[in-house]
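Here the structure is laid out as structure tokens; the discussion comes afterwards.
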Amino acid sequence: MTRTGAGARREGVRIRRATAQDARRLTRLVRTSRAYEGHYAAMVAGYRVGPDYIETHQVFAAVESGTERLLGFYALILDPPELDLMFVADDAQGVGIGRLLVAHLREEARRTGLTGVRIVSHPPAEGFYRSVGARRTGTLAANPPAVMWDRPELVLPVI
């Protein structure tokens with residue numbers, strides 16, 4: 001992995017700002033994620049990442065160089081600083097895409113003057129966030145009917 005002006009890079013993968021034209025692909029990635037199967041499925045069933053969301057927030061996509069195949073994405077809200085979304089395509093997991101996205105997130109946060117980013121994690125993803133340096137700060141209680149389970153709350157230091 002090397003660093004460039006465009007952020008963290010991995011051979012064959014680049015991270016770029018998402019555009020309104022990416023909205024359908026980002027939405028499909030969220031809705032088809034195996035991480036949200038079973039009792040978690042209702043959370044993403046009608047979820048939509050629209051062009052307005054992409055234009056309003058800092059949304060970045062990891063794409064395969066040359067093909068532009070979507071490998072993952074994240075959305076950073078600047079005020080207050082929070083990771084709103086992060087998804088990696090099921091067939092791209094385990095090869096470092098999530099870590100690449102987190103490295104890019106840290107660069108973006110640092111560039112905008114942030115010192116930490118709040119993460120309210122999908123429970124099965126907590127271990128990943130802790131492995132990249134996030135610290136657990138608490139638990140966000142379930143909020144039925146939107147969210148039926150407690151979620152770990154973490155902070156990712158921007159270092």
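Residue 126: net charge of surrounding residues, Cβ under 9 Å, Lys/Arg +1, Asp/Glu -1, itself excluded?
Working: positive: 130, 136, 151; negative: none.
Neighbour charge sum, excluding residue 126 itself: +3.
Tell me whether the stretch 36-154 comes out rounded, prolate or oblate; compute the Cα gyration tensor, take square roots of the eigenvalues as a ≥ b ≥ c, and use a/c under 1.5 as the rounded threshold. Intermediate results must be reported in sequence, preceding the final value.
Numbers: a/c = 1.39, a/b = 1.16, b/c = 1.20.
Rounded, because the longest to shortest axis ratio a/c is under 1.5.
Averaged per residue, what accessible surface does the chain expose to a 1.4 Å probe, in Å²?
52 Å²
Where in the stretch 93-114 is the amide nitrogen less than 18 Å from a point lying 7 Å along the Cα-to-Cβ axis of residue 78?
Label zone hits: 104-114.
Using a 1.4 angstrom probe on heavy atoms only, work out the carbon and sulfur share of the accessible area of the chain in %.
Working: 4240 of 8310 Å².
About 51 percent, which is the carbon plus sulfur part of the accessible surface.
The values are calculated or read from the model by the stated rules, or taken from the named source; none is laboratory data. This one's a predicted model, so the numbers in the text were calculated from it and none came from an experiment. Counting neighbours? That spans all protein chains shown, and the Cβs are built from the backbone with ideal geometry, glycine included. Just so you know, the surface numbers come from the protein's heavy atoms only, side chains and all, with ligands and any DNA or RNA stripped out. Shrake-Rupley method; radii C 1.70, N 1.55, O 1.52, S 1.80 Å.
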